[in-house]
Every structure is written in C-alpha cells, then in structure tokens.
Amino acid sequence: AGVSEALLIVAPVETVKTKCIELDMPFIKGFKHIIKGEGIGGVYQGAFATALKQGSNQGLRFMWFNEYKRIITNDGEKRITPIMGLFGGMSAGCFSTLGNNPFDVVKTRMQGTKAAQYA
C-alpha cells in the first residue's frame, strides 16, 4: 500500500512541488511547465527514491509503535489508554521522521530541477 501510494500520489505531487518551489511558480502553472518541457516522466522524476522513503517511513513508524505498545501493555497484559496511544503515535511519528530524514533529502534532490547532477 505504501509503495502504491508513493508511486500514484506522493511522487508526482512531491516532484511538482519541489520543482515549483525552485522555479518560483504556482502548482498548476509549474505542472504544465514540467509536462511541456519534460513530458510525463518529468512528473515522476525520483519516483523510486520516493517509494523507498515512503516504505521506510511507514516501516519505522509501525516498528516503533508496536514495540512501544508491547512495552506499555506488558506484552498485552494491560490495556493501552487513549493518552498513552496518543503519546505512542506522536513518538512513532517523531522516530520515523528522524530515521527517514536522509532518504527524504536524497529524494528531494532527485526531484529538483538540478536532479541530473545526482543521477
């Protein structure tokens, strides 16, 4: 599911967003500019890196939360309270973001207007 999401939604949106920021263009105008100059492939630039980033992000988040839940509930002997679930989700999000940052930097550079220098 994470890879499908990355390839169908995240990669094109992130690529267009990154290039629009670098070109100082609004999203729709930037999208048209990319299609006209690079074709549909320009929208999917860095898709593999995006899939890796999304996969690692989800994997780290689930790993952290499951381990957190195991420790907090003493291997399922106690119920997790809503506030502890909230804290677990927040900490899992922080952990996945920190662990995933290097992938995100590479992905963003591969999606930019100067991506050829990283190929």
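Determine which member of the set Lys69, Lys53, Lys17 is among the basic types (Lys, Arg) and over 22 Å from Gly88 (Cα atoms).
Details: Lys69 fails: over 22 Å from Gly88 (Cα atoms); Lys53 fails: over 22 Å from Gly88 (Cα atoms).
On inspection, the qualifying residue turns out to be Lys17.
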Val43 vs. criteria aliphatic (A, V, I, L, M), open to solvent by 70 Å² or more (accessible area, probe 1.4 Å) and touching a residue at least 24 places away in the same chain (Cβ under 8 Å): no
Per-region count, the stretch 84-97, residues more than 22 Å from the chain's Cα centre (by Cα) and open to solvent by less than 60 Å² (accessible area, probe 1.4 Å): 1
Test set (1) farther than 20 Å from Val3 by Cα; (2) open to solvent by less than 60 Å² (accessible area, probe 1.4 Å); (3) part of a helix (DSSP H, G or I) - Asn100 fails condition number: (1)
Sole exception among (1) among the basic types (Lys, Arg); (2) loosely packed, with under 15 Cβ neighbours inside 10 Å; (3) more than 21 Å from the chain's Cα centre (by Cα) for Lys69, by number: (2)
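Looking at Thr108, Thr113, Thr81, can you tell me which residue is in contact (Cβ under 8 Å) with a residue 24 or more places away in the chain, hydroxyl-bearing (Ser, Thr, Tyr) and open to solvent by 60 Å² or more (accessible area, probe 1.4 Å)?
Values: Thr108 fails: open to solvent by 60 Å² or more (accessible area, probe 1.4 Å); Thr81 fails: in contact (Cβ under 8 Å) with a residue 24 or more places away in the chain.
On inspection, the qualifying residue turns out to be Thr113.
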Any pair with Cβ under 6 angstrom, 6 or more apart, that starts in the stretch 56-69 at a residue that is within 14 Å of Leu98 (Cα to Cα) and assigned to a helix (DSSP H, G or I) and ends at one that is among the hydrophobic types (A, V, I, L, M, F, W, C) and open to solvent by less than 60 Å² (accessible area, probe 1.4 Å): Arg61/Ala92; Trp64/Ala92
Failed criterion for Asn74 (all others in (1) at positive phi; (2) touching a residue at least 60 places away in the same chain (Cβ under 8 Å) hold): (2)
Residues within the stretch 23-40 that are part of a helix (DSSP H, G or I), free of Cβ contacts under 8 Å to residues at least 60 places away in the same chain and not β-branched (Val, Ile, Thr), tallied: 9
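The values are calculated or read from the model by the stated rules, or taken from the named source; none is laboratory data. Source: prediction; values computed, not measured. Ideal geometry is used to build each Cβ from the backbone, glycine not excepted, and the neighbour counts take in all protein chains shown. Just so you know, the surface numbers come from the protein's heavy atoms only, side chains and all, with ligands and any DNA or RNA stripped out. Shrake-Rupley method; radii C 1.70, N 1.55, O 1.52, S 1.80 Å.
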